């Protein structure tokens, strides 16, 4: 069964490694285009992650990607850094946070 954005976003809290996000209080906006277009945001605070569908007014970082590409980045089929260099993944805001993100979640 193909992994959907909805499934992926719902798995984020379970894949979170709180020890990698000590003291972090940040909200990340996800903007997906393509087959599963939509907006989600994840709030990392007090060692927990909550994920909501919708738009957050003042995110610390915004990530924009095609939904299909993002699933491949998350599963490791596409390297996140390469996707960024090729313009498949766009980031705005706190880019240091983007680098930390890759370490904060264990990918199955």
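Throughout, read-outs are computed from the coordinates displayed, never taken from laboratory work. Keep in mind it's a predicted model, so treat the numbers as computed, not measured. Cβ sites come from the backbone with ideal geometry, for glycine too, and all protein chains shown count toward neighbours.
So for 77, 52, fewest C-beta neighbours within 10 Å to most, what's the order?
The order, fewest Cβ neighbours first, is 77, 52.
Label-point separation (nm) for residue 99 and residue 15, each offset 7 Å from Cα along Cα-to-Cβ?
Modelled inter-label distance: 2.2 nm.
Using a Förster distance of 35 Å, how high is the FRET efficiency between residue 85 and residue 6, based on the Cβ-Cβ distance and rounded to 0.05? Before the final figure, lay out each step's value.
Working: r = 28 Å, r/R0 = 0.79.
With R0 = 35 Å, the Cβ-Cβ based efficiency is 0.80.
Computed on alpha carbon atoms, what radius of gyration and Dmax characterise the chain, expressed in Å?
12.7, 37
How do 30, 105 line up, fewest other C-beta atoms within 10 Å first?
Ranking 30, 105 by Cβ neighbours within 10 Å, fewest first, gives 105, 30.
What whole number of Å gives the distance from the Cα centroid of segment 44-80 to the Cα centroid of segment 1-30?
Segment 1-30 and segment 44-80 have Cα centres separated by 7 Å.
Between residue 92 and residue 46, what is the label-point separation in nm under the 7 Å Cα-to-beta-carbon projection?
3.0 nm
Pull out a ≥ b ≥ c, the square roots of the eigenvalues of the alpha-carbon gyration tensor of segment 35-93, then state rounded if a/c is under 1.5, prolate if not and a/b is larger than b/c, and oblate in the remaining case.
On the way: a/c = 1.69, a/b = 1.63, b/c = 1.04.
Since a/c reaches 1.5 and a/b is larger than b/c, the shape of segment 35-93 is classed as prolate.
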